[in-house]
Amino acid sequence: MYERRVIAPYTGAIGWRSLFNIAWCVSGWVLVVSLELTGKIPLWLGMFLAAVFLQACYMPMHESVHKTLSGGRRSLVWVDRAVGALAGWLLCESFKAHRITHLKHHTHTNDEADPDVLNSKGSPRQILGRVVAGTVLYPLGPLLAVVPPLRRLIPNGLATRMGQMAELRGPEAGAAARPVALGHFSVLLVGTIFGYGELVWLLWYIPAWVARFWLSLVFGWLPHHPHAETGRYRDTRVFTFFGSTFLIRGHDYHLLHHLFPVVPHYRLRALWRDIGEHLSEQGARIEGRAARSLPTG
């Protein structure tokens, strides 16, 4: 098959770049925390930089879902799991649950079974509202599980949406997420009790959710907007603009990721140069600078 031949040189290698990425973003976050706690940078700058480094953790986590760190080698799958778990923890996410829901997203992109649609479809303002709600409700999850009557305090519309999301995610993802959420709740509670509230809330938890808002915009909303089409070449798009590859770290070619998820994000732009014309012939969604770069004859 033509597409398999084209992507072959871009797959199978150990994801050293992703390993470097998780190292620098975690190290950067730790450095920011230490600088702020010792008074070397102001709190506002610490929170901003913490969000910047934490959002960068998502790329290694995402690559771990598709096993590109291990290059698909069974003997190294523990590397994918370890990096994914570390990055997921920092982003207030269960890696196992995220892997389940993300692969469902790939299978059901933009249809009624896509778990990403409830989070990413709509306007940036709507997405912000969902992230704010998540920021407030996530640490309360363990309490709501232990004391069910507290759920009555949640507005009906929000409760309905939470139920829809739980159904889309499925029981396996829910079971995987619960112990991780309990761990996060414990860190926030114990940290607050023992005087580390600034660290756990202002340099980790809130920046993590700011990072999640950004990630929802550039990985959930932008590549799939308006979430209206399905089909191999139409459910997401190639959409490039000035600085987009740096800003979205290769996922301005998000269609290529959906077509060939075993290709690491940092090789998508190079792959585009080899396969762009072919995708155009298939009727793929190609927009922005990428569309203007294609031959018109």
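Every number here is computed from the coordinates shown, using simple stated rules; none is lab data. The structure presented is a predicted model; accordingly, all values stated were derived computationally and were not measured. Don't worry about glycine lacking a Cβ; one is built from the backbone with ideal geometry, like all the others, and counts go over all protein chains shown.
Summary of computed values
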read-out	value
Integer Hz, Karplus 6.51/-1.76/1.60 couplings in order for the range 223-237, x for Gly and Pro	x, 10, 3, x, 6, 10, 10, 10, x, 3, 9, 10, 7, 8, 8
Computed label-point distance, nm, for sites V132 and I14 using a 7 Å Cα→Cβ extension	4.7 nm
In sequence order, calculated HN-Hα J values of the range 185-198 (Karplus, 6.51, -1.76, 1.60; Hz; x Gly/Pro)	4, 5, 4, 5, 5, 5, x, 5, 4, 9, x, 10, x, 4
Order of I100, I14 - criterion: other Cβ atoms within 10 Å of each residue's Cβ, fewest first	I14, I100
Extended-chain gain in nm, criterion 0.36 nm per residue less alpha-carbon gap, L144 and R289	47.4 nm
Residues with amide H under 5 Å from that of E287, placed H, sequence gap 5 or more	V238, F239, T240
Ranked list, fewest to most other Cβ atoms within 10 Å of each Cβ, for L144, L91	L144, L91
Listed residue (N119, G72, P142) projecting farthest to the positive dipole end of the range 52-177, Cβ model	P142
Residue-span extension gain [R4 to R273] - 0.36 nm each, minus C-alpha spacing	95.3 nm
Reachable aspartates and glutamates, given that their alpha-carbon falls under 19 Å from the alpha-carbon of K104 and they are not under 8 places away in the same chain	E63, D80, E93, E112, D114, D116, E167, E172, E229, D235
Cβ-derived FRET efficiency at R0 35 Å, L158 paired with R73, nearest 0.05	0.20
Extension gain from R125 to V190, taking 0.36 nm per residue of separation minus the Cα-Cα distance	20.1 nm
Highest-MSF residue in the chain out of G39, G183, G191 [GNM, Cα springs under 10 Å]	G39
Three-way shape label, the range 238-291, alpha-carbon gyration tensor, a/c 1.5	oblate
Options W89, V200, G15, ranked by Cα towards positive dipole end of the chain, top entry (Cβ charges)	G15
Sorted by Cβ neighbour density within 10 Å, fewest at the top, the residues D116, D252	D116, D252
Contact order normalised by residue count of the range 1-137, Cα under 8 Å, 6+ apart, percent	20 percent
Built amide H within the under 5 Å cut-off of S70, gap 5+	G15, D80
Within the chain: Cβ-based charge dipole about Cα centre, in debye rounded to nearest 20 (Lys, Arg +1; Asp, Glu -1)	220 debye
Structure-derived volume of the Cα convex hull per residue in Å³ - corresponding label in (i) 144; (ii) 130; (iii) 267	(i)
Three-way shape call for the range 184-248 based on the alpha-carbon gyration tensor, with the a/c threshold at 1.5	prolate
Overall form of the range 165-297 per C-alpha gyration tensor (a/c, 1.5; a/b vs b/c)	prolate
